[in-house]
Structures are given as C-alpha cells and as structure tokens.
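I have placed the structure first, in the form of structure tokens, so that the comments after it can refer back to it.
The values are calculated or read from the model by the stated rules, or taken from the named source; none is laboratory data. The shown structure was predicted, so the numbers you read here are calculated from the model rather than taken from an experiment. Quick reminder, even Gly has a Cβ in these numbers, built from the backbone with ideal geometry, and neighbours come from all protein chains shown.
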Amino acid sequence: MQKVDDMASKYVEFLTKQEVEELCDLHGVKLWRIARPSLDGMVTQEFCPECQKLAIKKKEEEGIQRGLINSDIARGYQVFQKDSIISDDLRGASFKTFKAETDFDTRALNFARRMCRDYYQGGSGNSVLIGPPGVGKSFLTLAMADGLNEVFKKSRIDNKPVTVVFMPVARMFSKIKSSFNGGGKFTEDYAIDFLTKVNFLFLDDLGKESSMANTIKPASDWVQSVLFNILDARKTTVINTNFSRDELLKIYDSALVDRIFKGSTKNKQVLVYPKGSISKR
C-alpha cells in the first residue's frame, strides 16, 4: 500500500511540474518547480532535472556496488583465490613450501607463524615486513595469507565468513586505472570499499607503485588518497615493502606512514631484514 501511495504522490508532483526561467549552473537547462504535500500543506521545490537523473543513477550504481561487495564477502574462503592477485612465480607459496636457507629465514618464518596465530586468536594491528628486493618478503607474506585463509576455512568472525585478500599495490592501481574507461568493476570506489571490508588484507610491495629501483619519488596525491582511505578504515593489514620507515616518509605523507605502521610497534609486529641480505631470485 505504501508503494502505491508513493507512486500516486510522484504522479501528483509530475502533474504540477512547471519550468522556471532560472537555469542550472551545471547543465544550463531550466529548473523544474513542483508542488508536494507536507505536514504544513503543499510546498514548492525547484530542481534541475539533469542533476536529478545523475543523483538517481549514482544511487543505483552505489546499490549495485554494495550488492557486489556483499556477494564477494559472503563467499568467505573462496575470496582469497578469486580476488587476490597472485603472480605465477608466487603460486603455491605456503608455510609448507617456504625454504629457510639462513638463520634469518627461520626467524622470519617464526615471525610469520606468530602473527598468524595472534590474528587467529583475535589479535589486531598491522604487521610490516621491511627488506631489500628478492629476499622472500612476498613469498612469506603470501604464505601468511594462505595460512590464515586455511585456518579460518571453517571459522567465522561475528558470525560471518572470514575473508583474506593478497594484493600487490602496483597491480591494484593498474586495475583501478583500467576501470577509468569502463574496463571492469574494480573502480576506485569499489577497491576502497572492498579492501576495507575484507577481514585480512595483505599488501605486497608497498611503495613500488610510486618508486622503482633505488629511486625514491613522492607518491601522487591520488595514490596517497586511495591508500589512506583503505588503511585508515582498517584495524589489521599485513604489508611488505622494500623501503624503511624513513624512506617511506619521503614517498608518503606522515599521516599515511602512521597508518602503515598502525598498531605494529606495541606488539613487535615489524620484521626488518638485515642490510646486505642476498636476493633469492
């Protein structure tokens, strides 16, 4: 009955529609004036029909986006395989396939296992792995993601399936840029919404999206805005990077660097590889 009343009300508004001489600043078309009932009687309202169309379209798109995200999150265990971006050389990475070739490798493996155990038991705060390229940070980070996804396979948090995603930062921004011309659903808004809602997010090679090799360059405002919006809304993110905290401060704003290390120092959740560590590639 309510729906019928709403339709009748909108029909009355349409019948009372009048064009006025005032133009919309954005679209340059004449505004519409309608009369609608209120508790104080009939009131008039002026609006741009084109702006109204855009507002309706945006609301519909937001509803579709929320539906896509909720559908993805509801799949729990499957999210890791479907939505993670994993290169061929990292496929199969797990604690079982990790090879400890040095004493520090053993220490790194113990660190990773400890963090997974803490997260499984309800711990929070970011974990950060720092070291030169090729020492195995990405492999170990993916092994952590795989381990958590497996132990949470039949568990739930707040009565909801647990979701784990492994995401190389440079690839994430490439996917977002591809969406600018209609290339897929991974828009900036979708990426931020989705990656803030997954339970455990693993960001691979942070900083590589802005600074390659040994050259340290400030990240663009857009890159920093996307990363800030994701990390600021999260309690737990596992991050690996080739850059020290001081170097990250040359790439990102200090507020973003604070979010990168959020909750990581109190519980000793930062692993720094020794200088001169040999690449395994």
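Put simply, of Thr187, Thr196 the only residue that is of a type outside the set (D, E, K, R), crowded, with 18+ Cβ neighbours inside 10 Å and in the same structural domain as Tyr120 (by the TED database) is Thr187. Does Ile278 satisfy the criteria of being outside any helix (DSSP H, G or I), modelled with pLDDT under 95 and in contact with a Lys or Arg (Cβ under 9 Å, 6 or more places away or on another chain)? So Ile278 fails the test.
Within segment 123-141, the presence of a residue that is in contact with a helix residue (DSSP H, G or I) (Cβ under 9 Å, 6 or more places away or on another chain) and under 14 Å from Gly76 (Cα atoms) is excluded. Could you tell me whether segment 216-225 includes any residue that is closer than 30 Å to Gly122 by Cβ, at pLDDT 95 or above and not in a loop (DSSP other than H, G, I, E, B)? No, that holds for no residue. Just one of the listed residues (Ser254, Ser211) is small (Gly, Ala, Ser), farther than 26 Å from Arg75 by Cβ and crowded, with 18+ Cβ neighbours inside 10 Å, namely Ser211. Note on segment 125-183: residues that are within 19 Å of the chain's Cα centre (by Cα) and in a helix (DSSP H, G or I) amount to 20.
As a summary of the residue check, Tyr119 satisfies the conditions (1) part of a loop (DSSP other than H, G, I, E, B); (2) surrounded by 17 or more Cβ atoms within 10 Å (Cβ to Cβ) except for the one numbered (1).
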